[in-house]
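Structure, as structure tokens:
The values are calculated or read from the model by the stated rules, or taken from the named source; none is laboratory data. Everything quoted here is computed from the prediction, not taken from an experiment. Don't worry about glycine lacking a Cβ; one is built from the backbone with ideal geometry, like all the others, and counts go over all protein chains shown. Remember, those area values only see protein heavy atoms, side chains included, never the ligands or the DNA or RNA. Shrake-Rupley method; radii C 1.70, N 1.55, O 1.52, S 1.80 Å.
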Amino acid sequence: MSTTPNVPYRLEFSVEVPGTPEQVWQAIATAKGMSAWFLPTEMEEREGGSLHFAMGPEMGSDGQVTRWDPPRRIEYEEDWAALMGKDPEALSPLTSEFLVEARSGGTCIVHVTSSGFGTGDAWESEFWDDMGTSWMPFFDNLRLYLTHFPGQEVTQLEASASHPGDAQTLWATLHGALGLGDKGAAVEVRGITGTVERVGERQVLIRITAPVPGMLSVFAHGEGESTATVGVRAYLFSADAADYVQREEPAWQAWLQGLSVPA
């Protein structure tokens, strides 16, 4: 049942990143760049071009580039209704805009705005509340990518598993099993060595130094108290990365599925 019609939703934030506007543009407005810190991306790099973000096996978000002004501004729309399995007439597209502002000293500010209009159903406000916590951490990935791996092509590793229970309990189990510390702490995680770069809500970002340089995001999320998901997503930058992923992705998958979660 709708409560308030045509409710506007809007999320705005800014992040400072190293690099020239051209370097930042390559990271935020090309398929190669977006894949290196966000999700595997396909993009026709022009106004009116198609867009696809892969979100897992047979799941993704489709959209279109609606504004293309290199190296300053890109805007795109995603089919929010299709993504959420809702009536297409009930929801406007989910619009995201990145605006690049050059700063002295070799950095840029990226201003990010995401917006949409819905019908005011409860699930929409919950989706929007969750979007900030799931969307904003990716921009720490962007900062790390532009600091340590600018312009490099990524190989992604991804694994996840669902378990009974709530997300907070599952996160505590995962965090303890991996021995993750505070920001700046050295970590050794299943043969990976690195440093904790970010500690968020049920999410930790690690910069990997060996055996393959890159970034590792470890996370837990869930809806309600019955089932939650734990996962890892690695962004690897090395000629050896594909072999590493082929070997280690199934091992991560098995390890996550085998986590012993308190009843």
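Report the longest stretch of the chain that contains none of the trypsin sites (Lys or Arg not before Pro) sitting in a DSSP loop with at most 12 other Cβ atoms within 10 Å.
47-182
Just to check I understand the Karplus step: with θ = phi - 60° and J = 6.51 cos²θ - 1.76 cosθ + 1.60, what whole-Hz values come out for the stretch 24-37, glycine and proline as x?
Residue by residue, the stretch 24-37 yields 5, 4, 4, 7, 10, 9, 10, 4, 4, x, 4, 5, 7, 9 Hz.
Can you give the FRET efficiency to the nearest 0.05 for S50 and S260, using r as the Cβ-Cβ distance and R₀ = 51 Å?
FRET efficiency, S50 to S260: 0.70.
Just to be sure I understand the model, the point goes 7 Å from the Cα along the line to the Cβ. What's the resulting A186 to S238 distance in nm?
Simple spin-label model gives 1.8 nm for this pair.
Please work out the average accessible area per residue across the chain, using the 1.4 Å probe convention, and give it in Å².
Dividing the accessible area of the chain by its residue count gives 48 Å².
Apply 1/(1 + (r/R0)^6) to the Cβ-Cβ distance of E153 and E12, taking R0 = 45 Å, and write down the FRET efficiency to the nearest 0.05.
Working from the Cβ atoms, E equals 0.90.
Can you compute the radius of gyration and Dmax for the chain, using only the Cα atoms, both in Å?
Expressed in Å, the Cα Rg and Dmax of the chain come to 18.8, 54.
For the chain, modelled as a GNM with alpha-carbon contacts under 10 angstrom, which of I206, I28, I109 fluctuates the most?
I109
Rounded, prolate or oblate: which fits the stretch 132-212 when a ≥ b ≥ c are the square roots of the eigenvalues of the alpha-carbon gyration tensor, with rounded for a/c under 1.5 and prolate only if a/b beats b/c?
prolate
Tell me which residues come under 5 Å, amide H to amide H, from G200 once H is placed; ignore anything under 5 positions away on its chain.
L205
Of the GluC sites (Glu not before Pro) in the stretch 191-228, which ones lie in a loop per DSSP and count no more than 15 other C-beta atoms within 10 Å?
Filter output for the stretch 191-228: E201, E225.
Find the Cα radius of gyration of the stretch 155-258, compare it with 2.2 N^0.38 Å by division, and give the number to two decimals.
Output field value: 1.03.
For T113 and T229, what does the FRET efficiency come to when R0 = 30 Å and r is the distance between their Cβ atoms, rounded to the nearest 0.05?
The pair T113/T229 has a calculated efficiency of 0.60.
Using a probe of 1.4 angstrom, how much of the accessible area of the stretch 155-258 is carbon and sulfur, in percent?
Heavy-atom surface of the stretch 155-258 belonging to carbon and sulfur, 1.4 Å probe: 45 percent.
Would you calculate, for the chain, the mean residue ellipticity at 222 nm contributed by helices, counting each DSSP H stretch of 4 or more residues as -39,500 (n - 2.57) and dividing by all residues, to the nearest 500?
Dividing the helical sum by the residues of the chain leaves -8000 deg cm²/dmol.
Describe numerically, in nm with one decimal, the distance between label points set 7 Å from Cα along Cα→Cβ at R73 and at T20.
In this crude spin-label approximation the distance works out to 2.3 nm.
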